[in-house]
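Asks: Sharing a structure, written as structure tokens. Questions coming.
The values are calculated or read from the model by the stated rules, or taken from the named source; none is laboratory data. Quick caveat, the model's predicted, so the values are computed rather than measured. Every residue, glycine among them, receives a Cβ derived from its backbone with ideal geometry; neighbour counts consider all protein chains shown.
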Amino acid sequence: MAILKIARMGHPALRRPASPVDDPLAPEIRRLAADMIATMDDAGGTGLAAPQVHVPLRMVVFRVAASRVGDGLGAVPTTVLINPEIIPLDESVETAFEACLSVPGLTGPVARLVHIGYAGWGLDGSRIAREARGFHARVVQHECDHLDGVLYPARMADISALGFVEELRRAAQQGDSA
Ligand code: NI
């Protein structure tokens, strides 16, 4: 396993649409998945898409802790999703702050679908098909956006709300004590 270099906003690797993976069972895809998971963990991320590590393929990894999933729903185990598709299951959207390993230090509010289905292939060639809500659904939408060359600031309704995590946290704390 190797820790891969993560491209940052402005790098052309993040703007190109990625190509489908021809063979999810290929050894190099298995190796890439292991490296992406190691890289995600090293960076403390929730998800990572192949274009973020300079590989223009439609493949994402993510995992969601039980504490972030929501009431009554279990944690989402470490998932490798190849050639993913998203199926909206409801029109309702919810706005929440997002961050991205390719946009380090920053955060901003993004509206995302609350309830989706998603599908793709696993590393063993099996079909993965799940339903997701809330934060889980947000993570999948964020990661799949990377496959189309889209970073979350491009999804923000008000770009002036983009800020450094540190500054927004400080402002929120000051607000609390005022
Ligand atoms: Ni991201």
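Asks: Which residue pairs have Cβ atoms closer than 6 Å, lie 6 or more positions apart in sequence or on different chains, and pair a first residue in the stretch 147-166 that is within 30 Å of Ser19 (Cβ to Cβ) and at pLDDT 95 or above with a second residue that is acidic (Asp, Glu) and within 11 Å of the ligand (Cβ to nearest atom)?
Replies: Qualifying pairs under 6 Å: Tyr152/Glu98.
Asks: When you look at Asp124, is it surrounded by fewer than 18 Cβ atoms within 10 Å (Cβ to Cβ), away from the ligand (no atom under 13 Å from the Cβ) and under 29 Å from Pro20 (Cα atoms), yes or no?
Replies: It is true that Asp124 is surrounded by fewer than 18 Cβ atoms within 10 Å (Cβ to Cβ), away from the ligand (no atom under 13 Å from the Cβ) and under 29 Å from Pro20 (Cα atoms).
Asks: Please work out which one of (1) in contact with a Ser or Thr (Cβ under 6 Å, 6 or more places away or on another chain); (2) among the β-branched types (Val, Ile, Thr); (3) touching a residue at least 60 places away in the same chain (Cβ under 8 Å) is the condition Val114 fails and give its number.
Replies: Checking Val114 against (1) in contact with a Ser or Thr (Cβ under 6 Å, 6 or more places away or on another chain); (2) among the β-branched types (Val, Ile, Thr); (3) touching a residue at least 60 places away in the same chain (Cβ under 8 Å), the one that fails is (3).
Asks: Could you list all residues from the stretch 23-44 that are under 15 Å from the mean Cα position of the chain (by Cα), within 16 Å of the ligand (Cβ to nearest atom) and either assigned to a helix (DSSP H, G or I) or crowded, with 21+ Cβ neighbours inside 10 Å (or both)?
Replies: Met36, Ile37, Thr39, Met40, Asp41, Ala43, listed by residue number.
Asks: Another question about this same structure. Cβ-Cβ under 9 Å, sequence separation 6+ or interchain: first residue in the stretch 59-76 and in a strand (DSSP E or B), partner aromatic (Phe, Trp, Tyr). Which pairs?
Replies: Val64/Phe135; Val76/Phe62
Asks: Being assigned to a strand (DSSP E or B) and over 23 Å from Ala13 (Cβ atoms) is the filter here; which residues of the stretch 96-120 pass it?
Replies: Ala96, Phe97, Pro109, Ala111, Arg112, Leu113, His115, Ile116, Gly117, Tyr118, Ala119
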